[in-house]
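Shown next, in structure tokens, is the structure this report addresses.
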Amino acid sequence: LRSLVWFRRDLRSFDHAALYHALKQSEQVYCVFIFDKSILQDLPAIDRRVAFIHDSVSELAAELEKMGGTLIVRHAHAEQEIPRLAAELQVQAVFANHDYEPQAIQRDADVGKNLASFNCALKTYKDQVVFEKEEVLSLAGTPFSVFTPYKNAWLKKMYAEGGDFYCRSYPIESHAGSLATYTNATIPALSDMGFTDSAEPRMAVPAGMSGGAKLLEDFLLRIHQYDVTRDFPAVKGPSYLSVHLRFGTVSIRHLVREALHSIRTETVNPGAQVWLSELIWRDFYFMILHHHPHVAERAFKPDYDAIKWESGARAEQMFDAWCQGKTGYPLVDAAMCQLNQTGYMHNRLRMVTACFLIKDLGIDWRWGERYFALHLNDFDLSANNGGWQWAASSGCDAQPYFRIFNPITQSEKFDADGKFIRRYLPQLGKLDHKQIHAPWKLTPMTLKMAGITLGVDYPAPVVEHDAARKETLARYAVVKKVQ
Ligand code: FAD
């Protein structure tokens, strides 16, 4: 068999399902990555994610070359280029890993049909998640819609096989002899594809397999504290691996193996258990998207589609204030500045800003979801949608809608000394740890001494939380009957 491995969101040369199966089944294996015009054409000229992909693809190409192969890199429409290349190389099969997003599923179906017209097969494999689709079901054989029982069933299945069967690594190296070379495989420059190539759009996290490995190594030194540190945005608590999971420069199976290993050696804190739980959330939301693709457009719980959100010029104005970090609520604004400046936002702050947009400003969660999709380095349809629907209380979560975050108490609790706020809002730097969470409550004299004129140096709050809370309860009354 002569085959082609199509890399997409799995930019690594180790522990890779499709690459392994192709190498095992074929005498000759070509490799390709397409900078897909259908996706890239909607992005701005400066996009950190495209730069990250470019750096990661370059590293992948170098690694495949060391193993005796070549990565063919094209800037084209994947639907057309994959069949064209498959025909040129005269391969009998194209190997790829499953993608669970509705548009990607459609693209793969189109490519598969096209390939079939000249007897070339599209073979796809599970790689991006540990358990997919129908692999974790309730005792009644139905998909779960609540996380905790899903997680228990997930863990039961994992441990039933001795704890690492489902996260064993695919051994690539022993089969690498089948990798084929291709001449004239140059990687198009970012500028050739209409993107700005400068240091500016780069992410703070290092790219590629080497970048993922470095972050993981660093995180494993502090994984045991994760349960206590993960909620405080000023603290280096989480792993920052989300963008690597998004583009597959780390392997989910490797991460789960590391978590299981740490759990076995844990004596004091359940840090690794809590982190594993986060990785299971990731599987959970992919599974939800698979079984309920309507969530990409509408509420998971249909009754929530009846909610009437704010609209018109006032809503646009409020939304702009939120996007720009100018709501007058320091933790919300600092969080939005973190997103706008770095492309990352701490998980606690994603929850706070999303709840604020929906439940303080009364704005449709889909507006926020789209903004995050455009700006998050780690944007992933399933996790982003799951997070937004969680915040809107319209998702698969047992939390009742009347539990509304108070942005001031969230700030006092999770950024108690105001360290995170000061990092992104230096104009509030002279306020002390008690004053910084709600500057509008301070006397004019205190504000003056801190060098702040409200409405000039920092905005007055765009809404009053208690009043907004009441409005939200009234807005959500249409779904009261389903609670
Ligand atoms: P860690 O705390 O180190 O967690 C490890 C990994 O577990 C993450 O990299 C991620 O893959 C997974 N994970 C953690 N929390 C969640 C979760 N709640 N749901 C699903 N997977 C999770 N995560 C994304 O990867 N992409 C998104 O587009 C995204 N959008 C979000 C939007 C909202 C409104 C909310 C509330 C959460 C969103 N999340 C998203 C989940 C979470 O905030 C990020 O995964 C996390 O902050 C990434 O940082 P980390 O890698 O340091 O996470």
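Worth a mention:
- Cβ crowding within 10 Å ranks Met193, Met351 as Met193, Met351, fewest other Cβ atoms first.
- Degrees, to the nearest 10: 271-291 long Cα axis against longest axis of the chain: 70
- Residue-by-residue Karplus 3J(HN,Hα) for the range 415-428, coefficients 6.51, -1.76, 1.60, Hz, glycine and proline x: 9, 3, 8, x, 4, 5, 4, 4, 4, 9, 10, x, 5, 9
- Proximal charge balance of Pro426 [Cβ under 13 Å; K/R count +1, D/E count -1]: +2
- Taken about its Cα centre, the range 302-478 carries a charge dipole of roughly 480 debye when the Cβ of each Lys and Arg holds +1 and the Cβ of each Asp and Glu holds -1.
- Summing charges over all other residues whose Cβ lies under 15 Å from the Cβ of Arg264, with Lys and Arg as +1 and Asp and Glu as -1, gives -2.
- Under-5 Å amide H pairs with Val5, H placed in peptide plane, nonlocal only: Tyr30, Cys31, Val32, Phe95
- Local charge for Met318 was computed over the other residues whose Cβ lies under 12 Å away, with Lys and Arg +1 and Asp and Glu -1, and equals -3.
- For a straight C-alpha distance cut-off of 24 angstrom, the lysines reachable from Lys24 (same-chain residues fewer than eight places away being disregarded) are Lys66, Lys123, Lys126.
- Backbone amide hydrogens, once placed in the peptide plane, bring His75 within less than 5 Å of Phe35, excluding anything fewer than 5 places away on its chain.
- When the alpha carbon gyration tensor of the chain is reduced to an equivalent ellipsoid, the three semi-axes, largest first, read 41, 25, 23 Å.
- Under a model in which nothing but the beta-carbon of Lys, Arg (+1) and Asp, Glu (-1) is charged, the range 140-209 shows a dipole of about 460 debye around its Cα centre.
- For Ala121, distant residues with modelled amide H under 5 Å away: Ala93, Val94
- In this structure, the pairs whose alpha-carbon distance is over 29 Å, taken from Lys359/Lys413; Lys151/Lys236; Lys301/Lys359; Lys326/Lys430; Lys301/Lys434; Lys419/Lys448, are Lys301/Lys434.
- Residues in the range 75-91 carry Karplus couplings, in order, of 10, 6, 7, 4, 3, 8, 6, 4, x, 4, 5, 4, 5, 4, 7, 6, 8 Hz; the curve used is 6.51 cos²θ - 1.76 cosθ + 1.60 with θ = phi - 60°, and Gly or Pro positions show x.
- Ascending count of other beta-carbon atoms within 10 Å, so fewest first, for Met203, Met287: Met203, Met287
- Residue list for the range 76-104, given a label point 7 angstrom along the Cα-to-Cβ vector of Asn119 and an amide N cut-off under 16 Å: 87-94
Coordinate-derived values only; no laboratory data. If you're wondering where the values come from, they're calculated on a predicted model, not measured in any experiment. Cβ sites come from the backbone with ideal geometry, for glycine too, and all protein chains shown count toward neighbours.
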